[in-house]
1. Find the relative contact order for segment A:271-381 and round it to a whole percent, using C-alpha pairs within less than 8 Å whose residues are 6+ positions apart.
2. Would you give the gap between the C-alpha center of segment B:124-148 and the C-alpha center of segment A:180-228, rounded to a whole Å?
3. On a 0 to 90 degree scale, rounded to 10, what angle separates helix A:126-139 from the longest Cα axis of chain A?
4. Based on C-alpha coordinates, I'd like the Rg and Dmax of the protein assembly as shown, in Å.
5. For a distance above 30 Å, tell me the whole-number percent of Cα pairs in segment B:49-239 that qualify.
6. Given a cut-off of under 8 Å on Cα pairs at least six residues apart, what relative contact order in percent is computed for segment B:87-198?
7. Take the Cβ-Cβ distance between residue A:198 and residue B:95 as r, set R0 to 56 Å, and report the resulting FRET efficiency rounded to the nearest 0.05.
8. Report the dimensions of segment A:245-326 along its three principal axes from the alpha-carbon atoms, largest first, rounded to Å.
């Protein structure tokens with residue numbers, strides 16, 4: 001899949017605004033139930049804030065207050081410090097990107113016309129709109145020639161990307177995204193999420209992102225607001241904080257019993273202290289290697305055979321060490337080989353799938369960096385820092 | 001037809017007298033069993049010209065008026081939902097009035113005139129067009145209007161840029177049905193004194209001479225095909241997105 005890496009200097013003129021909820025409230029009927037109950041939270045400019053919670057928690061209602069597609073009963077929302085009440089709704093909305101789960105492309109307009117919809121409302125010149133449309137199609141990794149097609153001629157994933165491009169067209173200060181990837185199959189959803197995160201790294205919009213999926217929230221959010229029925233915020237924090245220290249029982253339940261594993265999804269192998277393996281080179285005297293192993297501080301009881309560039313070749317067994325010199329073909333295969341930048345959860349999966357106790361970790365050049373073991377991971381999860389004592393029996397992947 | 005013909009002749013007679021057929025071409029004279037007399041048709045085809053043009057005019061004017069009124073009512077009922085049931089009922093009642101009674105009822109008010117025929121014919125189109133426009137607007141995907149509002153379109157822009165274009169197939173569908181039925185009913189405009197092809201059917205003598213009736217049917221059908229083809233062509237060019245499917 002083509003990606004957005006060929007991004008032009010699209011954001012040179014752009015900006016992002018902070019969004020502040022100040023006691024924003026929505027009630028149905030004069031004394032009816034709260035959909036959103038005195039919501040107060042601050043989303044800094046350029047960050048993704050995920051509103052997550054079960055259905056009926058008011059997350060979509062809260063999001064829609066920002067562009068006034070839902071009118072508040074009381075309270076206020078400030079966009080870039082200015083109250084949305086002081087803005088004419090249609091004008092306000094043209095400065096705020098809007099992406100919904102059903103995508104909502106106009107079936108009767110071409111892809112280019114869809115992307116150019118807001119510029120058209122803003123009265124841009126045709127040339128400028130056309131240039132911007134082409135730029136955005138490239139940014140989302142679609143062939144600009146697709147601009148002449150109609151939405152029905154594109155796949156669901158392509159349509160969703162067009163939906164994002166359309167929302168970005170007039171360079172909005174804020175993006176509202178309501179379960180934008182909810183209707184996409186899991187494989188394409190993962191791709192779209194990754195692509196959007198790469199895009200966001202470039203464009204740095206303020207994004208309010210609604211989902212009911214905690215995994216998506218953890219993946220997408222710089223900050224997560226967990227809402228519960230009746231529109232109350234249970235916790236507003238970074239994903240790591242929410243996983244490490246759920247503020248309430250509701251959050252703990254919502255995050256799930258496997259939150260330690262979810263934490264691993266937020267970490268990279270390089271975030272953890274690796275063990276050092278005793279290294280051995282081809283042709284080296286085995287006596288030297290045996291001496292290293294005899295050291296009481298040694299963390300890995302097997303020597304790792306590396307080449308002259310310190311690239312791992314395999315593990316030496318006790319039988320290998322019986323020879324005079326280190327053999328060029330080690331007895332045990334290397335097993336799983338990890339990269340420093342691998343996500344920790346994937347690294348654990350590799351270890352378990354490879355039925356290996358230890359896995360060599362290499363840097364970008366393929367040189368040995370250290371050794372990861374299941375033990376390191378379980379020690380990390382059991383540490384007070386990880387605060388997972390109460391679930392440790394369940395969460396440790398193996399005994 | 002026999003009882004029908006007896007009733008209005010007194011009314012119709014004054015103007016239509018001149019039109020009532022004098023059968024000149026003769027080969028099939030007095031042979032009612034003879035279904036279609038080609039000789040007669042060949043000799044008399046000229047007399048259908050003016051009535052055909054009259055009928056075309058009646059249909060065109062009635063459809064334009066009916067469309068404008070029904071479309072406006074449908075847009076009104078789109079904004080104010082509560083108006084829909086009374087408007088559906090009202091246009092439904094108009095639609096249910098037997099057509100000859102409608103023409104005859106209007107005679108004391110508007111007199112024998114083209115206007116009388118146009119009022120009745122337009123009234124008949126309201127129900128079909130109103131219903132189709134309403135259904136078309138209802139069928140516009142909520143996601144499209146939601147995103148249209150969310151991106152900052154005003155209500156008027158949502159209506160004219162999103163809802164009406166997407167309702168075009170249903171709107172034209174309604175126009176097609178209304179047009180074909182108006183073309184057929186317009187044959188009865190003769191009872192309002194508005195001329196048209198009805199003049200070529202009416203007249204006691206014709207009841208035993210089916211040739212002219214068959215010719216009128218043929219012209220009416222040709223007219224219906226012609227209008228339908230025009231509307232289908234408009235729809236084809238007005239809705240290019242419906243031809244575009246995943247390749």
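1. Relative contact order comes out at 24 percent.
2. Between the Cα centres of segment B:124-148 and segment A:180-228 lies a distance of 35 Å.
3. Helix A:126-139 sits at roughly 20 degrees to that axis.
4. 38.7, 132
5. When all Cα pairs of segment B:49-239 are counted, 29 percent exceed 30 Å.
6. Relative contact order here is 38 percent.
7. Step by step, r from the Cβ atoms, then E = 0.40.
8. Each principal axis gives a Cα extent; for segment A:245-326 these are 62, 27, 18 Å.
Only the coordinates and a few stated rules stand behind these numbers; no lab work does. All values reported here derive from a predicted model rather than from experimental measurement. Positions of Cβ are generated from backbone atoms using ideal geometry, with glycine treated the same way; all protein chains shown enter the neighbour counts.
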